[in-house]
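The values are calculated or read from the model by the stated rules, or taken from the named source; none is laboratory data. Keep in mind the model is a prediction, meaning the values are calculated, not measured. Please note: Cβ atoms are built from the backbone with ideal geometry, for glycine as well, and neighbour counts cover all protein chains shown.
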């Protein structure tokens with residue numbers, strides 16, 4: 001509206017405030033979009049617009065005509081005049097606030113509240129004394145409240161289709177912070193013995209400067225035959241100028257989870273544009289991914305690349321997809337090569353997934369699976385041939401033996417109340433998501449056609465049960481590779497109406513036609529409103545269940561600084577060629593200096609020899625350690641990480657390990673080298689008394 005220019009216009013009262021534009025009535029817009037309920041109280045013209053408006057006249061132009069043509073229009077309308085621009089002298093003269101903009105920002109409130117509760121909980125959580133429930137019982141109650149607030153805010157936000165996607169993304173990022181960054185903030189040292197092992201591989205690669213064979217480094221040569229991840233991390237360590245990958249590997253679960261967001265969104269958007277379905281599937285994927293392969297490992301990167309390949313194939317290699325240019329073929333080749341040189345299992349999972357896609361008429365191009373097979377075979381017959389030649393007989397024997405492939409075996413059976421409870425929480429979480437996925441397929445008929453490729457990709461990893469046990473982990477890896485499709489189908493079960501691409505177009509066309517609100521339709525729409533809240537308890541349950549499933553065994557996986565310092569002291573003083581004996585390999589730096597120092601974990605030995613150690617600990621261990629030639633030495637290390645792993649996985653309990661420790665401490669064949677609250681270190685005294693320090 002232009003300011004008054006003539007004396008007559010300056011003396012005339014202001015016209016009434018224009019009616020709010022359709023974009024300012026945010027609440028009404030949301031209700032119309034979510035429930036298709038027109039406002040019957042407002043009269044409308046033939047074009048469906050509110051009476052008194054048209055599609056060509058702006059409110060400012062009408063105000064200008066009213067001011068010029070009808071000076072008393074404001075009085076006739078019975079509304080108080082608005083002050084001219086620059087004449088505001090009192091708060092009552094301010095223009096009315098637009099509530100739509102305020103309501104549009106309301107998703108920020110639960111998000112910020114949840115993050116504030118998380119920050120408070122982290123500051124008031126003590127992890128110095130973890131019990132068998134791991135982080136579950138150590139967390140401050142504010143964490144659980146914050147997780148509930150975050151989940152509720154996400155559901156209230158995502159169920160409104162007109163809400164900007166940025167809010168859904170913000171909530172998913174908040175979920176990843178609460179899920180994957182909590183341990184990095186709470187624990188002063190990185191988790192997982194396997195992560196420390198991978199750090200040792202990187203350190204060895206940096207020290208040696210080249211790949212080595214089995215004749216040089218023994219069984220650890222397998223990592224030099226799939227060096228992609230380790231070579232990339234070695235380059236990153238040098239680029240960052242840090243001492244080792246341990247500097248940042250505590251944050252790797254968060255980083256690897258963020259890497260999955262883009263390929264997941266691309267895969268899901270291939271089959272639907274319904275934002276509710278897409279973001280609910282992303283949420284379910286992350287809360288169901290408790291398997292723990294997001295830690296600092298080749299699998300974490302290979303899995304992200306695996307999803308990237310699927311995204312490229314689904315979007316560019318289908319009949320209705322984009323043009324299959326040389327650029328996409330080159331990108332596919334790069335992704336597949338990175339997978340093949342980094343991880344042994346992921347190429348096999350990728351091959352069965354791509355073959356499953358070929359069963360549909362939509363994806364019958366053979367370029368993707370042939371590309372993976374050729375690159376995989378080329379690597380296996382060259383760089384990986386030494387390992388495969390030695391392992392092939394056992395691999396062949398395991399083919400078809402499904403019972404043995406899914407069996408956990410000795411040393412992997414949860415023992416104790418906490419371990420059993422957290423294991424059942426993980427099973428129930430995975431079972432619930434898979435059950436919801438089945439319900440989604442049965443309930444949403446449109447998915448059986450439109451999303452059939454994703455259904456086949458979900459089922460594709462199941463035959464791998466018959467291929468190998470993969471170190472008693474095949475059941476977990478199969479679940480991991482089923483999860484993207486299972487999360488999508490489970491989200492469809494939680495939502496009242498699935499929106500595929502064709503359904504979206506039909507819905508937009510239907511909304512363009514005005515429909516009368518009959519009593520039957522109104523009852524159906526009102527019932528839909530209540531139905532939108534019914535899935536919230538299920539979403540809360542699976543989100544809460546993630547915590548015990550993922551962090552319930554932190555007593556095993558966490559190594560306090562005292563334990564790290566004790567092992568550091570061991571490797572600082574151990575001469576080249578020394579031997580380290582321990583109950584198991586669950587302690588930090590267990591593979592440090594593996595090129596020059598040998599290791600022996602007696603719980604990995606035959607059960608009869610373990611029983612012999614229990615009967616006469618000091619004498620049996622001294623005999624096992626006697627073959628070390630001076631100046632090398634033999635050390636016996638016992639830490640709280642070994643104790644937690646042995647006790648919670650059904651091996652030796654605390655009393656049995658303590659009996660071994662007391663026997664070694666009382667024997668003249670051993671001398672104590674170091675001890676702190678996290679463990680103790682002994683060295684074997686040579687039989688002739690030479691080479692040992694005074695006690």
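Among the residues of the range 415-426, is there at least one that is surrounded by 23 or more Cβ atoms within 10 Å (Cβ to Cβ), without any contact (Cβ under 8 Å) to a residue 60 or more places away in the chain and either out of contact with any strand residue (DSSP E or B) (no Cβ under 8 Å at 6 or more places or on another chain) or not in a helix (DSSP H, G or I) (or both)? Looking through the range 415-426, none of the residues is surrounded by 23 or more Cβ atoms within 10 Å (Cβ to Cβ), without any contact (Cβ under 8 Å) to a residue 60 or more places away in the chain and either out of contact with any strand residue (DSSP E or B) (no Cβ under 8 Å at 6 or more places or on another chain) or not in a helix (DSSP H, G or I) (or both).
For the range 88-104, taking the residues that are touching a helix residue (DSSP H, G or I) at 6+ places or on another chain (Cβ under 9 Å) and loosely packed, with under 14 Cβ neighbours inside 10 Å, the one that is modelled with the highest pLDDT is identified as 103. Count of the range 448-476 residues, restricted to those that are in a loop (DSSP other than H, G, I, E, B) and touching a helix residue (DSSP H, G or I) at 6+ places or on another chain (Cβ under 8 Å), is 7. Scanning the range 230-274 for residues that are under 14 Å from residue 204 (Cα atoms) and in a helix (DSSP H, G or I) yields a total of 10. The numbered conditions (1) out of contact with any helix residue (DSSP H, G or I) (no Cβ under 8 Å at 6 or more places or on another chain); (2) not in a strand (DSSP E or B) are all true for residue 641 except (1).
Does residue 333 qualify as being modelled with pLDDT of 95 or more, touching a helix residue (DSSP H, G or I) at 6+ places or on another chain (Cβ under 8 Å) and surrounded by fewer than 19 Cβ atoms within 10 Å (Cβ to Cβ)? No: the conditions fail for residue 333.
Checking 596, 639 one by one, the residue that is within 22 Å of residue 194 (Cα to Cα) and in contact with a strand residue (DSSP E or B) (Cβ under 8 Å, 6 or more places away or on another chain) is 639 and no other. Scanning the range 641-652 for residues that are surrounded by fewer than 21 Cβ atoms within 10 Å (Cβ to Cβ) and either farther than 19 Å from residue 607 by Cα or without any contact (Cβ under 8 Å) to a residue 40 or more places away in the chain (or both) yields nothing.
The set of residues in the range 133-178 that are in contact with a strand residue (DSSP E or B) (Cβ under 9 Å, 6 or more places away or on another chain) and surrounded by fewer than 18 Cβ atoms within 10 Å (Cβ to Cβ) contains only 137.
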